[in-house]
Amino acid sequence: MALQVRAIGILQRDLAERTRAARTNRDAQFQARDYLASIVESSGDAIIAKTLDGTVTAWNSAAQRMLGYSADEIIGQPITKLFPSDLLGEEEEILARLRAGGRVVERETRRLHKDGHEVQVLLTVSPIRNAAGEIIGASKILRDIRERKAAEARFSTLQAELIHLSRWNTMGMMASSIAHELNQPLAAMTNYLGALRRVLSSQPQNQKLIGELVEKAAQQGQRAATIIQHVRELVAKGKSERRRDSFPGVIREALQIASVATRQSGIELRFETEKDLPLIALDRVQIQQVIINLVRNAAEAMAGKPVRKLHVGVRRDGDSLRADIADTGPGLPREVADHLFEAFVTTKESGMGLGLSICHQIVIAHGGRMWASPNEPNGTVFSFTLPIESGS
């Protein structure tokens with residue numbers, strides 16, 4: 001009997017321990033759920049849950065602040081109530097991805113506020129699984145990116161203004177050289193017309209010579225017009241317009257404009273390009289701005305040097321076309337090389353340090369990259385690439 005009583009006592013203690021453990025575990029689960037619910041509710045991002053048929057099942061305070069609906073108004077409603085009409089297909093696409101593999105989806109998109117205006121958001125979608133691991137719904141996190149987008153728009157506008165300013169600065173520094181370049185064809189045209197007047201006075205019957213003089217005068221006039229047109233295109237302000245064009249042709253044209261400065265500085269300019277390179281999408285004026293700026297920098301770097309050579313080469317580099325501008329200047333100081341493409345970094349006493357920064361931004365905006373390296377035995381090579389579109 002005593003043995004039975006003892007056994008019952010042990011059993012009661014064991015049951016009591018198990019009950020206490022279960023209660024402790026249940027309390028811990030409740031605490032964890034309350035903690036997670038508190039995190040969701042206090043989040044600055046909108047957190048929304050929905051079923052696989054697109055019905056809203058959860059809605060936190062940030063969602064109400066962002067989209068205007070209270071939880072009572074939206075829970076039980078179709079999630080597509082938040083979609084602009086042109087994005088209704090997006091919901092089915094997201095759900096299809098989740099059903100297929102449960103992958104997290106992240107994208108920038110738009111959602112409708114209760115009052116009808118659109119909100120730009122960064123959307124992250126993750127699957128909700130049951131205890132068996134089956135996908136039974138989805139959770140959505142929406143981050144308001146309107147301020148970021150507005151900042152990007154302001155930066156884009158500022159970048160365009162800086163590029164425009166850089167073009168004007170470049171042209172201002174080259175104004176005297178361009179005037180000299182124009183004087184050459186204009187002076188030649190004047191000489192040909194003077195010779196024509198003398199021939200008409202003394203040899204009016206010499207039609208062949210008269211024709212040759214007229215043709216030469218016309219060629220010089222066309223040359224002057226071409227120079228003026230290139231300058232107008234360079235400083236024209238406007239949106240970036242990318243078209244399929246010849247990368248070597250665009251660079252060659254820029255070098256013709258920049259050659260005024262190189263000739264006056266006694267620089268030996270050599271241009272080489274691989275044959276049969278594909279056309280690529282680029283903004284002709286912006287890329288020419290990059291070339292002219294790099295050539296002008298090289299000319300200034302080589303000023304006073306006994307050897308002044310500038311080599312410009314174009315070649316294919318994997319899935320890109322690459323341009324190299326190599327000078328024989330003194331090279332770059334280490335303290336400048338490490339921060340070369342940052343704004344307001346310069347080796348010039350009177351420079352603003354914006355030229356290379358803007359060039360770098362132009363190349364990056366085209367999907368390319370830009371860098372500098374030593375040119376042995378002395379000098380610097382500036383290189384940049386522009387991507388070749390698939391199918392080129």
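A Förster radius of 56 Å, combined with the Cβ-Cβ distance separating Ala218 from Gln120, puts the computed FRET efficiency at roughly 0.50. Less than 5 angstrom separates the built amide H of Ile145 from those of Gln120, Val121, Leu122, all sequence-distant by 5 or more or on a different chain. Entry comment: accessible area of the stretch 67-147 is 53 Å² per residue, from protein heavy atoms only and a probe of 1.4 Å. Near the amide H of Thr273, within less than 5 Å, lie the amide hydrogens of Val314, all on another chain or at least 5 residues away, with H placed in the peptide plane. Computed 3J(HN,Hα) for the stretch 79-91, one whole-Hz value per residue from the Karplus formula 6.51 cos²θ - 1.76 cosθ + 1.60 where θ = phi - 60°, is 4, 5, 4, 8, 9, x, 4, 7, 10, 4, x, 5, 5, glycine and proline marked x. Full extension of the chain between Ser85 and Leu200 gives 33.8 nm of extra length, using 0.36 nm per residue less the Cα-Cα distance.
The values are calculated or read from the model by the stated rules, or taken from the named source; none is laboratory data. Predicted, not measured: the structure shown is a model, and the values here were computed from it. Reconstructed Cβ throughout: ideal geometry from the backbone, glycine too, with neighbour counts over all protein chains shown. We work out accessible area using only protein heavy atoms, side chains counted, and drop any ligands, DNA or RNA first. Shrake-Rupley method; radii C 1.70, N 1.55, O 1.52, S 1.80 Å.
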